[in-house]
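Colleague: Quick one: the structure is below, and I'll ask about it shortly.
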Amino acid sequence: MNLPQDQALEVDTPGGRYPIRIGAGRLDRLAEALPADATAVALVTNPTIAALYGERALRALRAGGRRVEVVELPDGEAHKDWQTLNLIFDALLSRGFDRRSVLVALGGGVIGDMAGFAAAVYMRGIRFVQVPTTLLAQVDSSVGGKTAVNHPLGKNMIGAFHQPVAVEIDTGVLASLPAREISAGLAEVIKYGLILDPGFFAWCEAHAAGLRALEPQALAHAIATSCRLKAQVVSQDERESGLRAILNLGHTFGHAIESGLGYGQWLHGEAVGCGMVQAAELSAEVAGFPAADVERVRRLVRAIGCPDVAPDLGADRWLELMRVDKKAEAGEIRFVLMPEIGRAFTRPAPEDAVRRVLARTVGTGAAVP
């Protein structure tokens, strides 16, 4: 098998400039990501990832003779909360980690978000490295400096912007993921084509089967293109004051699914994939998005293995959940909408249009195994 060569991209924001390195075997070169003056390293992970990759990561990080200690957190979105976050602080304080220490987040989006948030506020800010082990984290949550924990009243409502010093993406770890996790990550991949690059969206349509099968060349292209497109947006709008909000396509609907069903019932990417179908339907209602393109979105979401029928939470409950959204302003729900594939903007939508979309897109066949 001919594996793609390593690729390197750069993110340049007011909060920090850092590399994204992509390639098979990056896990064995993690020491390259550590700042030279790092006094100690805390490897933040969960038991599942620790069993698979913990020893490799520790071996790589200890190559320079630094002290490296492991902080294990319980696995899953249901534990992305303040109580679990405090486990990191307890470990750092009890083990004497100082301001020149570095956190290394080895795991999916939950680990990356919590380790990043801990780094943002521990001793008023220390450095951290993202080592994402899920496809979704590799193409989305590890890049851009968003960190957060969930609150019972809303997803990611407590957090901070804090850029990593490096993102190390080892494409080889994806082979250990369940098919459902791959599908969830691909939802975020196709999002970039929908909002920024119609050619990439068409490429995803043509390569959906290869991506699900983890074909190395296709996967490397998808990850690098997704990171490049996100880096372009984040570099222009680090703190989501304008352009960056379009990266939330499908997330207003998707977060409502996650909150309404209970965190962890649907994977984040599954909810976003379904939410993109709903956002396409709403775009057709209020932004002139062609009906034929709604069907293209629906077909591709199905092709990557994500649900395209949303759970029936009840229209009033849907609206209540969507009002608890970071894009909402003065109780008004704002959606990412598309006039065409490759362009997007954020604006409110009339409630009657939202209710019509919900009536068309929810159903009893929405369960995800």
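The values are calculated or read from the model by the stated rules, or taken from the named source; none is laboratory data. Predicted model, so just to flag it, every value in this text is computed and none were measured. Cβ: placed from backbone, ideal geometry, glycine included. Neighbour counts: every protein chain shown.
Colleague: Of everything in segment 63-86 that's without any contact (Cβ under 8 Å) to a residue 24 or more places away in the chain and in a helix (DSSP H, G or I), which residue is surrounded by the fewest Cβ atoms within 10 Å (Cβ to Cβ)?
Modeller: That would be GLN83.
Colleague: GLN232 versus (1) touching a residue at least 60 places away in the same chain (Cβ under 8 Å); (2) surrounded by fewer than 19 Cβ atoms within 10 Å (Cβ to Cβ): which is the lone unmet condition?
Modeller: Of the numbered conditions (1) touching a residue at least 60 places away in the same chain (Cβ under 8 Å); (2) surrounded by fewer than 19 Cβ atoms within 10 Å (Cβ to Cβ), the odd one out for GLN232 is (1).
Colleague: Follow-up question, since we're still on this one. Looking at ALA220, ALA137, ALA206, which is the one that is among the small types (Gly, Ala, Ser), over 23 Å from LEU52 (Cα atoms) and part of a helix (DSSP H, G or I)?
Modeller: Of ALA220, ALA137, ALA206, the one residue that is among the small types (Gly, Ala, Ser), over 23 Å from LEU52 (Cα atoms) and part of a helix (DSSP H, G or I) is ALA206.
Colleague: Exactly one condition in (1) surrounded by 17 or more Cβ atoms within 10 Å (Cβ to Cβ); (2) modelled with pLDDT of 95 or more; (3) part of a helix (DSSP H, G or I) is false for GLU168; which is it?
Modeller: Here GLU168 clears every test but (3).
Colleague: If we scan segment 227-237, do we find a residue that is under 20 Å from SER183 (Cβ atoms) and in contact with a strand residue (DSSP E or B) (Cβ under 9 Å, 6 or more places away or on another chain)?
Modeller: Within segment 227-237, one or more residues are under 20 Å from SER183 (Cβ atoms) and in contact with a strand residue (DSSP E or B) (Cβ under 9 Å, 6 or more places away or on another chain).
Colleague: Pull up segment 256-297, narrow it to residues that are hydroxyl-bearing (Ser, Thr, Tyr) and either on the phi > 0 side of the Ramachandran plot or part of a helix (DSSP H, G or I) (or both), then point me to the one that is modelled with the lowest pLDDT.
Modeller: Looking at the filtered set, the residue picked out is SER259.
Colleague: When you go through LEU196, LEU211, LEU186 one by one, which is the residue that is farther than 20 Å from ALA280 by Cα, of a type in the set (A, V, I, L, M), crowded, with 20+ Cβ neighbours inside 10 Å and in contact with a Leu (Cβ under 6 Å, 6 or more places away or on another chain)?
Modeller: LEU211
Colleague: Collect the residues in segment 236-254 that are in a loop (DSSP other than H, G, I, E, B) and of a type in the set (Gly, Ala, Ser), keeping them in residue-number order.
Modeller: Answer for segment 236-254, where residues must be in a loop (DSSP other than H, G, I, E, B) and of a type in the set (Gly, Ala, Ser): SER241, GLY242, GLY250.
Colleague: Something else about it: Take ALA78 and tell me if it is out of contact with any helix residue (DSSP H, G or I) (no Cβ under 8 Å at 6 or more places or on another chain) and at pLDDT below 95.
Modeller: Yes, satisfied.
Colleague: In segment 70-129, how many are among the polar types (S, T, N, Q) and under 19 Å from GLU168 (Cβ atoms)?
Modeller: Looking only at that region, the number is 1.
Colleague: Say whether the condition of being assigned to a helix (DSSP H, G or I) and either surrounded by fewer than 20 Cβ atoms within 10 Å (Cβ to Cβ) or modelled with pLDDT of 95 or more (or both) is met by at least one residue in segment 94-108.
Modeller: Scanning segment 94-108, I find at least one residue that is assigned to a helix (DSSP H, G or I) and either surrounded by fewer than 20 Cβ atoms within 10 Å (Cβ to Cβ) or modelled with pLDDT of 95 or more (or both), so the answer is yes.
Colleague: Also: Considering only residues that are over 19 Å from MET276 (Cβ atoms) and in a loop (DSSP other than H, G, I, E, B), look in segment 303-324 and name the one that is modelled with the highest pLDDT.
Modeller: Among them, the one singled out is GLY314.
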